[in-house]
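As structure tokens, the structure follows; a few thoughts come after it.
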Amino acid sequence: METVAIPTKAKISLIAITKQYITPRTGQTTLAVSDVSLNIQQGEFLCIVGPSGCGKSTILSMIAGLTKPSSGTISMDGNAIHGPGRERGVVFQDYALFPWKTVRENIEFGPRFRDRAPLSTAARRELVDHYIELVSLNGSEDKYPHELSGGMRQRCAFARALANEPDVLLMDEPFAALDAQTRLILQEELLRIWGEELPRDKRKTVVFITHGIDEAVFLADRVAVMSNHPGQIKMEKPIGLPRPRNEGVRLTTDFQKLVDEIWQLIRHDAYEATIGKAGIKQA
Amino acid sequence: MALSRRFLPFVLPLALLILWQAGVSTLQPGPRTPTPGSVVSTAWSLISTGQLPLAMILSLGRVLTGFVSAAVCAILIGFLMAVSPSIGRNLDPLMESFRPIAPIALLPLAILWFGTGTSAAAFIVGYAAFFPILINTIQGVRSIDPSLPRAARTLGVGLPAIIRNVILPGALPNIFVGARLGLGLAWSSIIAAELAVGAKTGDAGSGGIGQMMFVFYAYSVDLSGIIVCMIAVGVVALVIDRGLRAVEKRLLPWKQ
């Protein structure tokens with residue numbers, strides 16, 4: 001396989017990515033992602049927002065190496081991505097915890113079973129203890145996922161990804177299945193664990209998929225706004241809100257203005273995705 | 001209240017026993033009219049002479065041999081069929097056309113290939129146990145949430161470790177369902193197999209429990225003996241199933 005050297009300093013670089021699906025039943029071709037180019041810098045928290053079905057999860061899956069783009073190149077640190085790898089951790093929307101493993105065993109899964117440089121039992125123990133502490137799951141180490149609440153499962157999935165010590169964290173609507181209160185709490189927790197006050201080169205690079213505009217604005221350094229049919233990036237909006245951020249940020253006019261600006265940009269697509277073309281005239 | 005509830009399960013069997021005794025007492029006594037009393041005394045003599053335990057051990061050995069070989073084959077083939085679509089597609093018609101053939105229909109083949117001893121009986125038993133384990137293994141592997149192996153891949157875990165730590169434990173609950181069904185079928189088909197296969201070997205006891213029943217039926221025409229064998233088969237089946245459930249509980253603690 002040829003290695004394409006990409007002349008860029010970006011941590012992750014997407015160049016002219018297109019993804020087509022062929023529906024097996026009808027043979028129809030669907031263009032899920034069309035000509036998306038995107039650079040993500042080291043230590044940056046990037047949120048991708050867009051209406052349902054705009055291909056934002058497909059983009060994440062391609063960065064993770066789980067899906068191959070139909071055309072275009074994705075690279076990390078200048079090396080093309082050909083498959084999943086330890087350096088890119090993923091937190092899935094449905095958590096994807098192993099039901100037959102306890103919280104502790106789930107978190108140590110990567111360090112224990114990964115192909116490259118698995119850790120010894122002692123080293124693992126220390127590492128896993130640290131992450132259990134970090135996501136406040138102490139006392140629940142020996143529980144199975146089905147014994148946990150949604151928020152605890154989410155934190156466990158987060159710790160599992162972190163414990164494998166990736167450079168990049170890919171999060172696919174991780175809070176979508178949670179109730180509103182838990183979501184607000186976990187958003188703040190996420191920023192704390194990510195290390196808001198650390199310098200950029202010490203922070204993990206995060207790509208966070210969401211359909212919640214306020215969630216994106218609250219978390220991100222930059223928001224990439226996507227549109228539907230075909231999935232394209234409509235705008236990249238830097239979020240200049242000061243860090244560390246807390247609950248109070250949501251009440252500021254800057255925050256409200258950013259949320260509204262992004263909403264105006266995607267509301268047409270969102271209506272179309274929700275109630276179809278006929279509904280737009282009334283809206 | 002608690003005491004009467006504890007006795008509740010015994011009411012029906014007891015009533016049947018009384019009915020049985022009452023029914024039989026209106027008939028002429030003889031080998032074709034077994035009474036609860038004659039069954040108990042036959043059972044005692046069969047156990048105390050060691051004939052029944054010997055027959056049971058022999059039959060159990062055959063069942064275990066057949067069952068274990070069937071389980072190993074079925075789990076391996078089931079895995080391959082579920083993981084590889086091309087293997088699955090090619091083997092499926094073969095498996096599905098063999099599946100409806102009753103184990104007992106293979107007896108002539110088994111006798112011609114393996115003679116009338118243990119290997120023929122084990123072959124029949126293995127054949128009976130194979131299909132439920134195979135089908136449940138395939139079902140178990142296919143029912144694994146595809147996001148689980150995906151998650152393992154994103155953690156940098158390779159295929160052999162994924163098979164061992166994701167696919168196998170994920171399919172285990174279904175494999176256990178198959179194993180319990182398979183062991184049940186294996187145990188019931190050993191009787192049939194020994195009735196035919198073992199009919200030519202040794203005297204009562206040395207041919208297994210099926211052979212023992214055959215001798216009671218064909219030579220001594222002793223219905224009490226047959227009933228003792230039936231009860232023994234049922235009790236052993238119950239013990240086996242409970243044992244397997246206990247193993248399942250130990251191996252699948254997350255299922256509780």
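The values are calculated or read from the model by the stated rules, or taken from the named source; none is laboratory data. All figures in this text were calculated on a predicted structure; none of them were measured in a lab. Because the Cβ atoms are built from the backbone with ideal geometry, glycine has one as well, and the counts that use them run over all protein chains shown. We work out accessible area using only protein heavy atoms, side chains counted, and drop any ligands, DNA or RNA first. Shrake-Rupley method; radii C 1.70, N 1.55, O 1.52, S 1.80 Å.
Of (1) modelled with pLDDT of 95 or more; (2) closer than 25 Å to residue A:19 by Cα; (3) of a type outside the set (Ser, Thr, Tyr), residue A:112 satisfies all except one. Which? Here residue A:112 meets the rest and fails (2).
Can you spot a residue in segment B:204-219 that is in contact (Cβ under 8 Å) with a residue 40 or more places away in the chain, open to solvent by 70 Å² or more (accessible area, probe 1.4 Å) and more than 14 Å from chain A (Cβ to nearest Cβ)?
Of the residues in segment B:204-219, the ones in contact (Cβ under 8 Å) with a residue 40 or more places away in the chain are B:204-212.
Keeping just the survivors that are open to solvent by 70 Å² or more (accessible area, probe 1.4 Å) gives none.
Looking through segment B:204-219, none of the residues is in contact (Cβ under 8 Å) with a residue 40 or more places away in the chain, open to solvent by 70 Å² or more (accessible area, probe 1.4 Å) and more than 14 Å from chain A (Cβ to nearest Cβ).
One residue alone among A:177, A:117, A:161 is within 28 Å of residue B:252 (Cα to Cα) and assigned to a loop (DSSP other than H, G, I, E, B), and that residue is A:177.
Just to be sure before I move on: is residue A:67 closer than 27 Å to residue A:222 by Cβ and either of a type in the set (A, V, I, L, M) or in a helix (DSSP H, G or I) (or both) in the structure I sent? No. Once segment B:160-182 is narrowed to residues that are under 23 Å from the mean Cα position of the chain (by Cα) and either on the phi > 0 side of the Ramachandran plot or within 11 Å of chain A (Cβ to nearest Cβ) (or both), the residue that is surrounded by the most Cβ atoms within 10 Å (Cβ to Cβ) is B:171. Here residue A:129 passes the criteria (1) farther than 29 Å from residue A:10 by Cα; (2) open to solvent by less than 30 Å² (accessible area, probe 1.4 Å); (3) away from chain B (no Cβ under 12 Å) except the one numbered (2). If you go through segment A:217-243 and keep only what is in contact with a Leu (Cβ under 7 Å, 6 or more places away or on another chain) and either open to solvent by 80 Å² or more (accessible area, probe 1.4 Å) or at positive phi (or both), you end up with just A:234.
Residues that are touching a helix residue (DSSP H, G or I) at 6+ places or on another chain (Cβ under 7 Å) and basic (Lys, Arg) within segment B:108-152 comprise just one, B:142.
Listed here are the residues, each with its yes/no results for (1) touching a helix residue (DSSP H, G or I) at 6+ places or on another chain (Cβ under 8 Å); (2) closer than 25 Å to residue A:141 by Cα.
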position: A:175; (1), (2): yes, yes
position: A:180; (1), (2): no, no
position: A:231; (1), (2): yes, no
position: A:238; (1), (2): no, no
position: A:245; (1), (2): yes, no
position: A:253; (1), (2): no, no
position: A:258; (1), (2): yes, no
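The set of residues in segment B:129-159 that are in a helix (DSSP H, G or I), facing another protein chain (nearest Cβ under 9 Å) and not β-branched (Val, Ile, Thr) comprises B:147, B:148, B:150, B:151, B:152, B:153. Does residue A:230 satisfy the condition of being farther than 22 Å from residue A:189 by Cα and in contact with a Gly (Cβ under 9 Å, 6 or more places away or on another chain)? For residue A:230, the condition - farther than 22 Å from residue A:189 by Cα and in contact with a Gly (Cβ under 9 Å, 6 or more places away or on another chain) - is met.
Within segment A:60-86, being closer than 18 Å to residue A:205 by Cα, open to solvent by 20 Å² or more (accessible area, probe 1.4 Å) and within 14 Å of another protein chain (Cβ to nearest Cβ) holds for A:61, A:81, A:84, A:86. The single condition from (1) away from chain B (no Cβ under 14 Å); (2) surrounded by 16 or more Cβ atoms within 10 Å (Cβ to Cβ) that residue A:121 fails is (2). Taken over segment A:151-162, the criterion of being hydrophobic (A, V, I, L, M, F, W, C) and either over 17 Å from residue A:85 (Cβ atoms) or facing chain B (nearest Cβ under 9 Å) (or both) is satisfied by A:152, A:156, A:157, A:158, A:159, A:161. Considering segment B:1-117, the qualifying helices (runs of 4 or more DSSP H), each wholly inside and each with 2 or more residues that are surrounded by fewer than 12 Cβ atoms within 10 Å (Cβ to Cβ), run over B:2-25, B:36-48, B:85-98, B:107-114.
The residues of segment A:30-59 that are buried (at least 23 other Cβ atoms within 10 Å of the Cβ) and either within 14 Å of chain B (Cβ to nearest Cβ) or charged (D, E, K, R) (or both) amount to a single one, A:56. Among the conditions (1) open to solvent by 10 Å² or more (accessible area, probe 1.4 Å); (2) within 10 Å of another protein chain (Cβ to nearest Cβ); (3) touching a strand residue (DSSP E or B) at 6+ places or on another chain (Cβ under 8 Å), residue A:89 misses just one, which is (1). Applying the set (1) under 26 Å from residue A:133 (Cα atoms); (2) buried (at least 17 other Cβ atoms within 10 Å of the Cβ) to residue A:269 leaves exactly one unmet item: (1). Cβ-Cβ contacts under 8 Å between residues 6 or more apart (or on different chains), taken from a first residue in segment A:104-118 that is in contact (Cβ under 8 Å) with a residue 24 or more places away in the chain and more than 7 Å from chain B (Cβ to nearest Cβ) to a second residue that is small (Gly, Ala, Ser) and surrounded by fewer than 19 Cβ atoms within 10 Å (Cβ to Cβ), are listed as A:111/A:123.
Among residues of segment A:132-150 that are free of Cβ contacts under 8 Å to residues at least 12 places away in the same chain and away from chain B (no Cβ under 14 Å), those with a beta-carbon under 7 Å from a residue that is open to solvent by less than 70 Å² (accessible area, probe 1.4 Å) and not aromatic (Phe, Trp, Tyr) at least six positions away or on a different chain give the pairs A:138/A:132.
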